[in-house]
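The next block holds one structure in the form of structure tokens; read it before the comments.
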Amino acid sequence: MTNNRLNIGIFTCHIDNDYTNEVCKGAEIAAKELDCNLIVFPGMFLNASFYDPVNQLYDYQYNSIFYYANAECLDALIVSVGAISSFLSEKNIMDFLSHFDNIPIITIEEKLPGYPCIKTDNTSGMHEAMEHLIIHHNCKRICFMAGKTNNADSNQRLNIYRDALSAHGIEYEERRIGHGDFSEYCRDEIGQLIDSNPDMDAIVFANDQMAIGGYSELKSRGIRVGETLPVIGFDDSPSAVNMDPPLTTVNINSCDLGYRAVYGAVRLAQTGSIKSQTLSSHFVRRMSCCCKLPTEKSLITGDSPLLDHSVDDILSILDQQLFGEISDSFFATRVTTEFNGIFGKILSVIKSPDDVEFSQCSIVDKIKILMDSDLMDFYSVQKTAYVFRELASIISSCPMSAEKRLQFNRLNANITNTISLFISNKLYSQMRSNKMMDWSSIYITRDTLTYGNDLNKTYMSTLNKLQSLNYNGVYLYTYDDDIRITDTGSWIVPNSLFLQAFYNSNNCQVLFGESRRIPSSEIFDNEYTYYDKRFTSVIVPIFTNEDHHGVFICNTDVSNFNSIYSTSLQLGAALKYMTLLKEQNITQEQLKMSLNEIHEKNELLNQLSTLDELTGIYNRRGFMEKVEYYINMPSNRGMKAFLLFADMDSLKVVNDKFGHKDGDYALKNIASILSQSFGPHDVIGRIGGDEFVCFAFIDSSDYINQVQARIKELSADLNATCGKPYFIEMSVGVTEFICNGNQKIEDLLSQADTALYSNKRYKRISILK
């Protein structure tokens, strides 16, 4: 227990994956309801690198974090067997779980001997999907895009496909089966399946992610999903309803699995036993299977019009049609209650006399409140939009007076606009947030390069950047002893780690000496941790390729999981650089016996640390050291100087369309143009991917204009003669100042950066010629 609350751990895989995110979301909701702590251990597929050594070469490194789970830090453990062990036999899985026998364990997705389990019966939903294609759409030549041949989930769904064909006397043909990797990046395999089956009349994907790739491949061939070819997915991931057309799929209660697993884990910790549960899967009919939006006829079997029924009866019918797939979910009652409050208001007015107007404002206001509520944590805004789309189709198909129809159409337009605007604003906010997170994450590595051997500055800067990523608490551990993997694939974690730096709501600190040493069994709860309320924590390894550096523990909500992997990779790069610096210092000490060798080594290291490898001009560290030296020299006080901040236009477009080789060519030419535009004693540097800064003293009143004119002239000459199908150009910003010995280079850079971005609006709309 931590802070007098139970600690529930969960072993899962790929936290940026839609399915895992939904499971964790449900687990967090339950943990909040039960006021217990949730600790997420996101590894990767166990033994995946053996089966896919190219794409998962270093993924095995993530699995080291499983072995930090122990009875001292966890009261119960949830293991997502289907997510982490798809490539293992039952014996191998049992051997893996034996490492954690001292912790009460509950499994999800797959039942194992001796462990209680919460799983979903995939058979019913998948079978109903196949029946729908065969019976309602008369499909007989159905293709199936499965996962890897050794994946248990894939094989189970493939067997359901075979059984459904057999039940209808349809011959199973091997050529109608393709194998992908459960990701959207398997278009080549999907293309091969299409090429082998020009006569196919439907295609089923073993998960929604592969269906995303399928949409792209089919579209590129002029095949219209939902019009000329039925397509069905599996999982009902959050992306399914956003696809065009919305994806017909199978809902497997991902969020419910996590929710019920936490309730089960708490009960297991408290009582020592629980019963296994099996949830139902549900076929979710949308538009990709060539079905249309529902109408009155599809809801009513008799002759009585829908609107002749009472409002309560209509709501009951709508619940079955619109929310049938979540009918047994933990959030079903709340969802239907909230939506029925709005539906009932609409229906009451539709069924009232013509002179009763729609109270549009109150209805729209209720929808806004609904979309702003925490209900959207488990029933998304996108699903909400689709539900109102279905409702509009149903009501519009009902007979009503022209006046009522006009009133409803106006209301529906208002609802559609309201939801669209909400989604647009949400996406814009998310884009801004993602941009800030990307920059904050990248700056971790940048500042490590800037501060070099000053560990206190480096770690404090890192903590500041991590705080801007909305983590409630962060703990950075590094290894004193090596962590190693055994021949059986399990990991031996060190007895203790160094807590190098941390922050929480109570403290922010960089540690030194033996005070940093924390037993590995106490990394979640020790003298430096602080929890004034329940928390959700994630632990991920910090590594670069085969080198392990430590672990990163952050306290955050599931909504922030998308930034964790990129942050850990940046931390890996930063710690790798710090390790190299440490090794550099050791090397220098060893070379003191030979003055010539020391000189040569120092020259080489200085060049590597101050010059940009690609362009040959100063890098960030070299530029800042040189400029700080110039502006702080006593003899330069009172001299006028300026900084020119240059940003290459659309580097990402060049990289994406023409490759990184062209991007490097463009960057080198930008550096050349700047070097030619300035004098031999001026300082030119590349301080970021596409960012350059130049420093010069002003020796004439027209010098700045001359430099900018020279940049434009050289850029024009280059674009006229280089033969590239794109323009190589830059946006610039200038700030002038007088050297007084007190300037901070960061403040001057910020001023020049502001000027640059005000000039960005004049850049070319497209760099393509």
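The values are calculated or read from the model by the stated rules, or taken from the named source; none is laboratory data. Model, not experiment: these values are computed from the prediction. For neighbour counting, all protein chains shown are included, and Cβ atoms are generated from backbone atoms with ideal geometry for every residue, glycine included. Note: areas computed on protein heavy atoms with side chains; ligands, DNA, RNA excluded. Shrake-Rupley method; radii C 1.70, N 1.55, O 1.52, S 1.80 Å.
For the range 234-387, the solvent-accessible area works out to 43 Å² per residue, with a probe of 1.4 Å and every protein chain left in place. Apolar share of the accessible surface for the range 308-354: 44 percent from carbon plus sulfur atoms, 1.4 Å probe. With q set to 0.24, 0.26, 0.28, 0.31 Å⁻¹, the log10 of I(q)/I(0) for the range 392-437, from the Debye formula over equal scatterers at the Cα positions, is -0.81, -0.88, -0.94, -1.02.
Solvent-accessible area of the range 361-433 (1.4 angstrom probe, protein heavy atoms only): carbon and sulfur portion equals 55 percent. Here the range 478-566 is assigned +1 on the Cβ of each Lys and Arg and -1 on the Cβ of each Asp and Glu. Its dipole about the Cα centre then comes out at about 300 debye. K652 exposes around 140 Å² of accessible area when a 1.4 Å probe is run over every protein chain in place. Shape analysis of the range 300-341 places it in the oblate category; the axes a ≥ b ≥ c from the Cα gyration tensor give an a/c of at least 1.5, with a/b not above b/c. Remark: for residue pairs K25/K426; K275/K366; K219/K724; K297/K351; K435/K668; K366/K426, the C-alpha separation exceeds 29 Å in K275/K366; K219/K724. Over the chain, DSSP H runs of length four or greater, each weighted -39,500 (n - 2.57), average out per residue to a 222 nm ellipticity of -14500 deg cm²/dmol. Ordering N425, M648, I442 by the projection of their Cα atoms onto the charge dipole of the chain, which places +1 on the Cβ of Lys and Arg and -1 on the Cβ of Asp and Glu, puts M648 at the extreme positive end. Once Rg and the Kirkwood radius are both taken over the C-alpha atoms of the chain, their ratio Rg/Rh works out to 1.02. Extension gain, E72 to Y530, is 163.2 nm, computed as 0.36 nm per intervening residue step minus the present C-alpha separation. Under the criterion of Cα pairs below 8 Å and six or more residues apart, the relative contact order for the range 272-369 equals 21 percent. The range 155-223 and the range 389-439 have Cα centres separated by 33 Å.
When all protein chains stay in place and ligands, DNA and RNA are ignored, the 1.4 Å accessible-area order of S329, S166, largest first, is S166, S329. Each of P541, T556, S490 was scored by the projection of its Cα onto the charge dipole of the range 475-557, and the greatest displacement toward the positive side belongs to T556; charges sit on the C-beta of Lys, Arg, Asp and Glu.
What you get for the range 375-477, charging only the Cβ of Lys and Arg (+1) and of Asp and Glu (-1), is a dipole of about 300 debye around the Cα centre.
For the chain, a crude dipole built from +1 on the beta carbon of Lys and Arg and -1 on the beta carbon of Asp and Glu, taken about the Cα centre, is about 1480 debye to the nearest 20. Summarised in one figure, the compactness ratio Rg/Rh of the range 373-510, Cα atoms and Kirkwood Rh, is 1.28. Averaging the sequence gap over all C-alpha pairs within less than 8 Å and six or more residues apart, then dividing by the number of residues, gives the range 90-224 a relative contact order of 22 percent.
Counting heavy atoms of the protein chains alone, H549 has an accessible area of about 20 Å² for a 1.4 Å probe.
In this view, the solvent-accessible surface of H137, computed with a 1.4 Å probe and all protein chains in place, comes to about 50 Å². Ranked from largest to smallest solvent-accessible area, with a 1.4 Å probe on the protein heavy atoms, W439, W491 come out as W439, W491. Note that the range 473-567 presents 40 Å² accessible area per residue, ligands and nucleic acids not counted, probe 1.4 Å. I'd like to know which of S329, V311, I300 lies farthest towards the positive end of the charge dipole of the range 281-342, counting +1 on Cβ of Lys and Arg and -1 on Cβ of Asp and Glu. It is S329. Going by accessible surface with a 1.4 Å probe and the largest first, D690, D557 read D557, D690. For the range 732-762 and the range 633-653, what is the separation of their C-alpha centers, rounded to whole Å? Each part's Cα centre sits 7 Å from the other's. When both bridge partners sit in the chain, DSSP labels roughly 60% of those beta bridges antiparallel.
For a test of the definition: using alpha carbon positions, the gyration tensor, and the 1.5 limit on a/c, classify the range 391-472 as rounded, prolate or oblate. It is prolate, given that a/c is not under 1.5 and a/b is the larger ratio.
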